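The structure appears right after this line, and notes come after that.
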Amino acid sequence: MTEPHPATLHEPVDPDTGPRVPPRSVAGGHRQGPVVAAVALGGAAGAAARYGATLLWPTPPGAFPWTTLTVNVLGCAAIGVLMAVLAEARSVHRLVRPFLGTGVLGGFTTFSTYAVDIQRMVEHGALRTGLAYLALTLLAALTAVWAAAVTTRSVLSWRHQ
């Protein structure tokens, strides 16, 4: 390996980008195209499912965003199940986690909408409701991940006995 040229040592680095890595040296030598495609396809499926939920259970203007809360909590529970299952799996195709975890469940959950919902509530004078929604979503989402992961691990360990 060669040392960097002294003139490049003090160049500013954009904090939003990592160091440049030649295409052949990415993780495990695999190209990233299939991973990006898996995330994109999964994200489209997850976002379509979330959109379907908003069509089935629309939130009227000014109402509490129960659909967004439910989608985020269910998505977090599914992430807990997925991660517990994948941790126990002996071998899983390398695209399963990006497709299901990052793609489907990342597209299904909508924490950006959660943030916008809170902002709208505060702007419309519903500060207490906005703060309650902020705390409830955070608590429910974290509890859902934890409970789903613990329950899944228990079921899997019981099955192996």
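Every number here is computed from the coordinates shown, using simple stated rules; none is lab data. Note that the structure is a prediction, hence the values are computed from the model and not measured. Here the Cβ positions follow ideal geometry from the backbone for every residue, glycine too, while neighbour counts run over all protein chains shown.
Normalised by the number of residues in region 19-161, what is the relative contact order in percent for Cα pairs under 8 Å and 6+ residues apart?
Reported as a whole number, the value is 35 percent.
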Neighbour-limited loop hits for trypsin sites (Lys or Arg not before Pro), region 64-161 (at most 10 other Cβ within 10 Å; DSSP other than H, G, I, E, B): Arg90
What number comes out for the charge environment of Val85, summing +1 per Lys or Arg and -1 per Asp or Glu over other residues with Cβ under 11 Å away? +1
At 0.36 nm per residue, and after removing the present C-alpha to C-alpha distance, how many nm does the segment from Ala37 to Arg90 gain when stretched out fully? 16.7 nm
Net charge dipole size for region 45-159 [Lys, Arg +1 and Asp, Glu -1 on Cβ; Debye, nearest 20]: 360 debye
